[in-house]
Amino acid sequence: MTVTEKDKLSEVISKCKPERGNLIPLLQEIQAELGYLPQEAMQEVASFLDIPKVEVYGVVTFYNQFRLAPLGKHHVRVCMGTACHLRGGKLILEALERELSIKVGQTAPDRSFSLERVACVGCCMLAPVVLIGEEIHPKMTPFKMEEDLTPYRQEI
Amino acid sequence: MNFPKIQTRAESEWENLQASLYILIGTATCGRAAGALNTLEAFQAELARQKTSAEVIEVGCMGLCYAEPLVTISKPDSFRVVYPNVTPELVPRLVEGYVLGDDPCLELALGTLEEDEEGAPYIPELSRFEHERRIILAHCGYIDPQNINHYIAQGGYRGLDRALAMSPPEIIEEIGRSGLRGRGGAGFPTGKKWEFCSRAKGSPKYVVCNADEGDPGAFMDRVILESNPQQVIEGMIIAGYAIGANKGYIYIRAEYPLAVDRLKVALGEAYDLGFLGQDILGSSFNFDIELATGAGAFVSGEETALMAAIEGKMSTPRPRPPYPANEGLWGKPTLINNVKTYSYVHLIIEKGAGWFSSIGTEESKGTAIFTLAGKINCAGLTEVPMGTSLQEIIYDTGGGIANDKSFKAVQIGGPSGGCLPESLLNTPIDYDSLREAGSMMGSGGLIVMDEDNCMVDTASFFLDFVTKESCGKCTMCRLGTLQMLRALEDICSGKGKMEDLDNLLELAEDIKAGSLCALGGTAPNPVLTTMRYFKHEYEDHILRKQCPAKVCPELTAYYILPDKCDRACEHCILTCPTEAIKGEKGEVKHIDQEKCVNCGTCLEVCPPEYNAVVKLSPVTSLPPEDAKAKERGIAQGVLG
C-alpha cells in the first residue's frame, strides 16, 4: 500500500465502531476509498475488530462485490441476466474477450480495461446491456460492441 | 406535530403543486438507462433559456419501461399529457408547444391523464392497463419519491395513524384476515408469520425488510424503492408496532445504488416528521430503521442467509427450525418480509382486510406484480389481480411477441422457477396454479421466449447461474448442480446421450432433497420444466445433433448462400472479427468454418436486400467440406 492509501485506510477505520456487525460496511467503505482491498487493509480490519484474519478473508472472497486487486481504467461489465442472455449476451461477452484479449474476471496487463460479468442490472428492456464505467450501452451486438469500444481505447 | 397537522400541510403543498405548471420526468434506473438524465438536463436548459419557471420533478417509474424516458406535463388550466421516448431533441418542441403554448403535441403523446380528450387516448384505457389493478404501484411515477409530502397527500401514513390507535393483536388479526401471503416467492401467510413472531419469547425483536432482489430479470422491488419508498417504511413501522419490535433493518443490494440513495432520503424525511424515532406520533412507540447494503450474493435473499449477512458474516443459510420468528437476527425473534409484502400493509390497515381479500382468488389474495421482459413488445412492470392469466399478461399487457416471431415459452420465477409452454398460457397467476405447473411465483420476473431461444441452452443458463451463486454449504447444491450443468453442456454441444436425461432427473431429485435452502431446493426447476414441456428439443440435440432454435454454437453454423451473395459487397469480410470470410471483389464470399466463432456479425451486417447469410443446424447441412472444417474448428476450441 502507498502512504496515501494507508492514510485513507486509517481515516476510514477511525470513523468506525469496533463491532463485529460492522465488518461488511467497513470493508465496503475501504473499497470505496481505495478501489480494492489490499492484504494489509484486511489485516488491519481483522485486528481492529479483533477477529481472525481468515474470517475477514472469508467474507471478502464470499461476496461478489469485493476485489483483491485494483480495476483497470475502464470497468466493463456485461449483463448476464436472463433477458440479456436470451438476446445474445454471451456473444457480447465473447466479443469483448476477443477484442480486449482478456478473459472475463481479468484486468488487462496495462490496466486499461477490466472485464466482468454481472447478474442483472435491471435494464431488461434494453437487452443485451453492457456497462462501461457507469455508461450504459444498450441493445449490443458483437459488431456494435467493437465500435463502441473505440473511444475508450483512445482514452487510455 | 400531530398527524392531522402533518396531513394538512402535505395536502396544501400538493394542491399548490396542482395549481402550478410542472413537469415529471421518470428517472428511475430504467429511465436513466434510456437517457432520462439527458432529457432532464435538456428541460432545465430549455426552461432557463425561455425564462420559464415550471418546476421539473424527478419521479420513479410508471412501469412502462419500453417508453422511457417518460415525461408528463401538467398544467393547471389544461389536461395532463404523458410523452414516451422523450429524447433531448424533442424537448424544445414540448416546451414551445405545451409548456409555453397551447399545443399539447398530441402526435408525440402516449396519452392523457384526463378522460375524454380528443386526439390522444386516456392512459388508464390503453390496452396495456386493461387487466391492471394498481394498488402498490398506484403512485409510482406520479409522485416525487424524495418528497414525503407527496406520499402523505396521496393517503400515506394514514394506515400508521390508524394502526397506532389499534392494539397489536388487532393489527395482526386484520393482516391475517386479509389473506396476504408473502410476496418474496414462497407465499407463506403473512398474518401467521406476524403472530408467531409476536408470541415468540425473547427481546429485543427485529423487523427486517428483504430487498435483496437477486433474480436476474426481476426488478419490481427496485422500482418500488425508487418510486415510492415511504410505503415500505410505513409497512415496517406498523409491523414493528404489531410484533413489539423497536428496530428494523432494510437489507438492500449494493447493485441498486439509486434505490439506496432514495431510501436514505426517505428515511431521513420519515425521521424529520416523527414517523420514525422516539414517541411516534405521540404514541410512546419507538422505532428505528437502519439500512444494510448487501455485498453481492444471490443466496442472501434466503432469510437465514440474509440475517447472517446483516450480522457481518458469510451469507450462508442454516437449517430451520428454529425459524427466524423465534431465533433470528443475533438469536432474537425476527420478522422478515419482502418489499412488496410491507407495501400492502398500510393499505390493509387503512381500507380493511375485506377490501384486500375482495381482490384476487380464493387462495391467493390481492395483486401480483410482474416484470415483463425478454422477447416481448412492451417490456415493463405490471400489477394485476391474482388469477389473471399468463395469456392476458403477455398478449394484452405486454403487447405480444416482438418482431412477429412465435411464442415458445415463458419463464417465471427466475432460477427457482420454470419454463411454461404455450399450452399452459391460460394458467391463472396464483401461488398454487403456478406450483402445480412446475414453476413458482418467485419474485415475479416473467421472461418471454420466442422461437429463436433454445430451451436446453436456457436450462443450462439458469444452472450456470446457480452454480456460480451456490454458497457451497450443501454438497448436493454445490456439486450436484455442477454435474447437471456439465450434462446440459454436453447436450448443447452435441455430446449428450439419452441416458443423460435419466441422470438429470435423478440428480434433480437428490439436489432438491439434499439442499438446506430454496436456492438448491428449486435449482433443478428450470431443467425439470424444460424436460417436461420441451423434451423434443433435448432429443433433437442428442439424437439429431440439431439445435432447433439455432443457438448452440457447436450444432449451428453460419453459411453464405452463393446464389444470394452480392459479389461486389464486402460488408461481411470487413467486419468479421476473426477474418474467417474470404472472397475477392467480384467473387462469392465464403466462411472458413474452421475460424468462425459464431458471433453472427456477418448475418447482422449483410444488407437486407441480399439476405445471403443463414444459420444452419445440424452442421451436416453444410456442404461436406465446410462441415469437416467446422468439426476441425470445434476440435481446436475456436468456440471458446
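What to note about this one:
- Condition check for B:ALA242: in contact (Cβ under 8 Å) with a residue 12 or more places away in the chain, assigned to a loop (DSSP other than H, G, I, E, B) and among the aliphatic types (A, V, I, L, M): no
- Members of the stretch B:324-379 that are modelled with pLDDT of 95 or more, closer than 27 Å to B:ALA305 by Cα and of a type in the set (Phe, Trp, Tyr): B:TRP330, B:TYR342, B:TYR344
- A residue that is away from chain A (no Cβ under 14 Å), crowded, with 24+ Cβ neighbours inside 10 Å and among the acidic types (Asp, Glu) cannot be found anywhere in the stretch B:259-279.
- Candidates B:ALA42, B:ALA28, filtered to the one that is among the hydrophobic types (A, V, I, L, M, F, W, C) and more than 19 Å from B:CYS140 (Cα to Cα): B:ALA42
- Where A:GLY133 falls short, out of the listed (1) more than 7 Å from every other protein chain (Cβ to nearest Cβ); (2) surrounded by 19 or more Cβ atoms within 10 Å (Cβ to Cβ); (3) touching a strand residue (DSSP E or B) at 6+ places or on another chain (Cβ under 7 Å): (2)
- Condition broken by B:GLU537, with the remaining ones in (1) acidic (Asp, Glu); (2) in a loop (DSSP other than H, G, I, E, B); (3) under 40 Å from the mean Cα position of the chain (by Cα) satisfied: (2)
- Boolean, B:ILE73 is part of a helix (DSSP H, G or I) and more than 14 Å from chain A (Cβ to nearest Cβ): no
- Any chance A:PRO70 is crowded, with 20+ Cβ neighbours inside 10 Å and not in a helix (DSSP H, G or I): no
- Screening A:GLY88 with (1) within 11 Å of chain B (Cβ to nearest Cβ); (2) closer than 25 Å to B:ALA36 by Cα gives one miss only, at (2).
- Unmet requirement for A:ILE102, which otherwise passes all of (1) within 10 Å of A:LEU115 (Cβ to Cβ); (2) within 7 Å of another protein chain (Cβ to nearest Cβ): (2)
- Taking the listed residues B:SER460, B:SER406, B:SER416, the one that is at pLDDT 95 or above and closer than 25 Å to B:ALA297 by Cβ is B:SER460, with no other qualifying.
- The set of residues in the stretch A:105-130 that are among the aliphatic types (A, V, I, L, M), assigned to a loop (DSSP other than H, G, I, E, B) and within 8 Å of chain B (Cβ to nearest Cβ) comprises A:ALA119, A:VAL121, A:ALA127, A:VAL129.
- Top-ranked residue in the stretch B:305-327 [being surrounded by 22 or more Cβ atoms within 10 Å (Cβ to Cβ) and away from chain A (no Cβ under 14 Å); ranked as nearest to B:LYS201 (Cα to Cα)]: B:ALA325
- Residue check for B:GLY141: modelled with pLDDT under 95, surrounded by 18 or more Cβ atoms within 10 Å (Cβ to Cβ), among the small types (Gly, Ala, Ser) and not assigned by TED's automatic domain parsing to the domain that holds B:GLY380: no
- When each of B:THR467, B:THR481, B:THR458 is tested for being out of contact with any strand residue (DSSP E or B) (no Cβ under 6 Å at 6 or more places or on another chain), within 12 Å of chain A (Cβ to nearest Cβ), of a type in the set (S, T, N, Q) and part of a helix (DSSP H, G or I), the lone residue that passes is B:THR458.
- Scanning the stretch B:294-319 for residues that are of a type outside the set (Val, Ile, Thr) and either within 19 Å of B:ASN246 (Cα to Cα) or without any contact (Cβ under 8 Å) to a residue 40 or more places away in the chain (or both) yields a count of 5.
- The residues of the stretch A:17-53 that are outside any helix (DSSP H, G or I), within 12 Å of chain B (Cβ to nearest Cβ) and either within 17 Å of the chain's Cα centre (by Cα) or surrounded by 14 or more Cβ atoms within 10 Å (Cβ to Cβ) (or both), listed by number, are A:LEU37, A:ILE51.
- Residue in the stretch A:83-97 that is out of contact with any helix residue (DSSP H, G or I) (no Cβ under 6 Å at 6 or more places or on another chain) and outside any helix (DSSP H, G or I) present: yes
- Condition broken by B:ALA508, with the remaining ones in (1) small (Gly, Ala, Ser); (2) out of contact with any Ser or Thr (no Cβ under 9 Å at 6 or more places or on another chain); (3) surrounded by 23 or more Cβ atoms within 10 Å (Cβ to Cβ) satisfied: (3)
- Out of B:GLU579, B:GLU594, B:GLU539, sole residue that is surrounded by 14 or more Cβ atoms within 10 Å (Cβ to Cβ) and either within 14 Å of chain A (Cβ to nearest Cβ) or under 30 Å from B:LEU501 (Cβ atoms) (or both): B:GLU539
- If only residues of the stretch B:201-233 that are farther than 15 Å from B:THR341 by Cβ and acidic (Asp, Glu) are counted, the one that is surrounded by the most Cβ atoms within 10 Å (Cβ to Cβ) is B:GLU226.
- Qualifying positions in the stretch B:602-624 - surrounded by fewer than 18 Cβ atoms within 10 Å (Cβ to Cβ), within 14 Å of chain A (Cβ to nearest Cβ) and assigned to a loop (DSSP other than H, G, I, E, B): B:PRO607
- Once the stretch B:345-374 is narrowed to residues that are β-branched (Val, Ile, Thr) and more than 14 Å from chain A (Cβ to nearest Cβ), the residue that is farthest from B:VAL410 (Cα to Cα) is B:ILE349.
- Residue among B:PRO385, B:PRO333 that is of a type outside the set (Val, Ile, Thr), over 17 Å from B:ASP215 (Cβ atoms), in contact (Cβ under 8 Å) with a residue 12 or more places away in the chain and crowded, with 24+ Cβ neighbours inside 10 Å: B:PRO333
The values are calculated or read from the model by the stated rules, or taken from the named source; none is laboratory data. Just so you know, these numbers come straight off a predicted model, no measurement behind them. Cβ: placed from backbone, ideal geometry, glycine included. Neighbour counts: every protein chain shown.
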